[in-house]
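Here is the structure we will look at, set down as structure tokens.
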């Protein structure tokens with residue numbers, strides 16, 4: 001096995017998965033805990049242990065979070081672009097003005 005790759009085991013919604021990761025093993029384990037907690041919470045709220053239904057609801061929840069973050073990022077990029085444009089105009093004005 002490649003030295004940069006690590007084999008880990010994680011448990012999500014009472015199922016154990018063996019994974020080979022090329023990134024930080026602790027990060028993947030943390031992500032797995034987050035997904036496990038989300039699925040357990042959804043299962044509790046829905047009152048079902050149907051893993052397929054819980055997994056689909058978890059995916060929808062995560063997709064919703066991703067879309068919200070993408071919107072925030074797009075808004076932030078637009079604000080940064082506007083500020084950059086404003087600073088560029090100010091620099092142009094400062095360089096055009098006589099000293």
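Taken together, the values in this text are just the output of simple stated rules run on the coordinates, not laboratory data. Keep in mind that this is a model prediction, so the values were computed, not measured. Note that we place each Cβ from the backbone using ideal geometry, even for glycine, and neighbour counts take in every protein chain shown.
Assorted remarks:
- Residues in the stretch 51-91 that are surrounded by 10 or more Cβ atoms within 10 Å (Cβ to Cβ), under 23 Å from residue 39 (Cβ atoms) and more than 13 Å from the chain's Cα centre (by Cα): 51, 53, 54, 55, 56, 57, 58, 60.
- Within the stretch 43-53, the set of residues being within 16 Å of residue 15 (Cα to Cα) and either in contact with a strand residue (DSSP E or B) (Cβ under 7 Å, 6 or more places away or on another chain) or part of a helix (DSSP H, G or I) (or both) comprises 43, 51, 52, 53.
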